[in-house]
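Here the structure is laid out as structure tokens; the discussion comes afterwards.
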Amino acid sequence: MLNQENTVSDKYFQKQVANIAILNLDDAETVQDETNRHEWPEPQPLTAKIEKEPYPIESLPDNVREAVNEVYGFVKAPVPLVAASAISALSLAIQAHYDVERASALYSPTGLFLLTIADSGERKSTCDRFFTKAIIDYEDAQAEAAKPAINNYNADMDSWEAKRGGIKDKIRSDAKSGKPTGNQEAELRDLEHNKPEPPRIPRLMYADATPEALAYSLAKQWPSGGVVSAEAGIVFGSHGMSKDSAMRNLATLNQLWDGASLKIDRKTSESFTVRGARLTVALQVQTETLNSFFEKSGALARGTGFLARFLVSWPESTQGCRPFTEASESWPQLAAFNRRITEILNISAPISEDGALTPQMLTLTPEAKDAWIEFHDGIEIQLSDGGILFDVRDCASKIADNATRLAALFHVFEGGFGAISLDAFERASAIVAWHLNESRRFFGEIALPAELAGAVRLNDWLIQHCKREHTHYVIKRYAQQYGTIRDATRLDAAINELEALDRIQVRKYGKKISIWLNPKLLTQEVA
């Protein structure tokens, strides 16, 4: 936050004058007096502050960075959100073709899980559309090309079902007449073994799918896909993520991130096994939805390592700072990005007869491996009690794995041959280190005691509201109705906590109770 003089600005005063009727105050002088006459003490720190770091956009490969900058110039979404859209497209396109080995017996897929924590309206869907255009066009072209194969399959299935129905009718008829049915039963068994298989048609993009439905599609339709959504409440707020089923569904997504085989047993329909599938997840979720998810799933989300697998970003909103810009007539950098994605997608995916992917294994050059070991050990030493990563050990323990995944994506996208270079790894490690700091910022709040977590959420909402509305106060009833805490008891607890820290004052005018924000929280950087 930029430092400014600790005075009430004209715009704040004007807004307060407009709101006199709400508070039933007499006149503008009374409002100004109420704002200035109180001696506000220095607000006390609410949490141990972890500073935001600027996104290391310079660490993106040149052609990716230029495309991100081009899209950012028009969309004006937070840079980390734009970059996440680009990286998710890399992950979706490349994951089917390559795995990565970081050390002997330590290897993984190249697919990434990305999570952006932001309010609705940050334009993630718009960014995704720019960077996934080549993927969507590829899906459409593959579906069109597969139409003859689908028609043949439908005809084959009609014929197979007719034969099966005829054999079953013959068995029933002979059984009624007391005739032997052995020949027909053998014929039925042979027919079952020759049931037509549907053609595998690439489907990469999913927005609304339960973990089980996603696993079925990966097993039966196409073994590489991605959940890309600006409405992550579909995932985090769904019935499938209720406490009763959360363990099973989180385990499913964890195994897909790992690239492990996964057997799904069903009682009322066909059981199936997912082999050699690869998955990308790129989601945007609102803070309130994620908090609700934590409350519903208890400790499962972190205890199972689900959220530890994500590269998290929690960027500052750009809403309110996005003046209209005419779209460019040409997008040369984005066009180059999408051409490269198309080139990768047009390479035949390595799929075995049983539908499993068999990706090529990438390794690190000796220099890149030395850098990976140094990076890994530098993280590891901070995981012990007292280390700066102790509170996010789950996230930190996956970060060296994610660094090699991202390095592999950069290496392939840039057309690299052979082992992954030191340059690709250093770029990737800088970006995942930034994401780890974002995890520290966000999960440091989530891990707080309930009373303090509520106070943090109320504090942040009050500051954002007062800045947006150019005021220093909000009616308590309004805060409860439109803020982040709806429960009256929890709201009172949060208010008490903020009052004790000299961050707010509660005042009563007639029957109306208002919450006044310490002006110093609006005019200087406070922890």
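Looking at segment 257-327, which chymotrypsin sites (Phe, Trp or Tyr not before Pro) are in a loop (DSSP not H, G, I, E or B) and have at most 13 other Cβ atoms within 10 Å?
Numbers: sites: W257, F272, F293, F294, F306, F310, F324; in loops: F306, F324.
Of the chymotrypsin sites (Phe, Trp or Tyr not before Pro), the ones in loops of segment 257-327 whose Cβ has at most 13 other Cβ atoms within 10 Å are F324.
So in the chain, what percent of DSSP beta bridges are antiparallel if you round to the nearest 5? Can you show the working numbers first?
On the way: 17 of 39 bridges.
Percent antiparallel among DSSP bridges in the chain is about 45.
Can you list the HN-Hα couplings for segment 194-206, worked out from phi with the Karplus curve (6.51, -1.76, 1.60; θ = phi - 60°), rounded to whole Hz and with x for Gly and Pro?
Karplus-based 3J(HN,Hα) across segment 194-206 equals 10, 5, x, 9, x, x, 8, 10, x, 10, 9, 9, 10 Hz.
Hey, which of these cross-link pairs are over 32 Å Cα-Cα: K147/K170; K124/K220; K76/K512? Can you show the working numbers first?
Values: K147/K170 35 Å; K124/K220 30 Å; K76/K512 39 Å.
Over 32 Å Cα-Cα: K147/K170; K76/K512.
Is there a quick way to get the dipole size of segment 150-193? I mean about its Cα centre, with the Cβ of Lys and Arg at +1 and of Asp and Glu at -1; what is the value in debye to the nearest 20? Can you show the working numbers first?
Working: 8 positive and 9 negative charges, 59 e Å.
Roughly 280 debye, rounded to the nearest 20.
For segment 150-193, what's the radius of gyration and Dmax over Cα atoms, in angstrom?
Just the Cα atoms of segment 150-193 yield Rg and Dmax of 12.4, 41 Å.
Going by average Cβ density within 10 Å per residue, which order do the peptides 419-426, 190-197 take, highest to lowest? Numbers along the way, then the final one.
On the way: 419-426: 20.9, 190-197: 11.0.
By packing density, highest mean first, the sequence is 419-426, 190-197.
Where in segment 401-434 is the amide nitrogen less than 20 Å from a point lying 7 Å along the Cα-to-Cβ axis of Q360?
Backbone N within reach: 404-425.
Once amide H atoms are built 1.01 Å from N in the peptide plane, which residues 5 or more positions from D99, or in another chain, come under 5 Å H to H?
Distant-sequence amide H within range of D99: Q360, M361, L362.
Amide H to amide H, which residues 5 or more places from Y473 or on other chains are under 5 Å from it, using H placed in the peptide plane?
Answer set, sorted by chain and number: L517.
Rounded to the nearest angstrom and ordered from largest down, what semi-axes does the equivalent ellipsoid of the chain get from its C-alpha gyration tensor (root of 5λ)?
On the way: eigenvalues 528, 167, 103 Å².
Semi-axes (√(5λ), whole Å): 51, 29, 23.
Restricting things to Cα coordinates, could you compute the convex hull volume per residue of segment 263-314 in Å³?
Values: hull volume 7.5 nm³, N = 52.
Cα-based convex hull of segment 263-314, divided per residue, equals 144 Å³.
For K520, give me every one of the aspartates and glutamates with a C-alpha distance below 19 angstrom, ignoring sequence neighbours fewer than eight places off in its own chain.
Those aspartates and glutamates meeting the cut-off are E5, D10, D33, E34, E39, E42, E51, D460, E469, E497, E499, D502.
Work out the FRET efficiency for E66 and Q142 from their Cβ-Cβ distance, taking R0 = 22 Å, and round it to the nearest 0.05. Write down the numbers at each step before the final one.
Working: r = 28 Å, r/R0 = 1.29.
Taking R0 as 22 Å, the efficiency between E66 and Q142 is 0.20.
Hey, can you grab everything whose amide H is under 5 Å from the amide H of I513? Only 5+ residues off in sequence or another chain; H modelled, so Pro and N-termini drop out.
Excluding prolines and chain starts, which carry no amide H, the hits are K476, R477.
Quick note: the coordinates plus some simple rules give every number you see, no bench work behind them. Please read all numbers here as calculations on a predicted model, not as lab measurements. All Cβ positions, even for glycine, are placed from backbone atoms using ideal geometry, and neighbour counts span all protein chains on display.
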